[in-house]
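Okay, so here's the structure we're looking at.
The values are calculated or read from the model by the stated rules, or taken from the named source; none is laboratory data. In this text the structure is predicted, and so the values were computed from the model without any measurement.
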Amino acid sequence: MLKKYITFVLLITLVLFSSDIIAQGPPCGSPPCGPPPPPDTPIDGGIGILLAIGVGYAIKKIRDK
């Protein structure tokens, strides 16, 4: 009984939200093209810091063994 109830709830949820999942905007050639894409963001500083922390953590773990 519980399996049937879960299946039913899942099916109803998928049916109700399927229009949001498959919805697409108008093609970009038509007048309401939508907002422009966000500008490119540099990720150089954050990646370097995370990489340095990861290397330091790996070295610490190796030395602990």
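Summary of values
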quantity	calculated
From the options Leu16, Leu10, residue that is modelled with pLDDT under 90 and part of a helix (DSSP H, G or I)	Leu16
Residue match in the stretch 30-46 (condition: modelled with pLDDT of 70 or more and among the β-branched types (Val, Ile, Thr))	yes
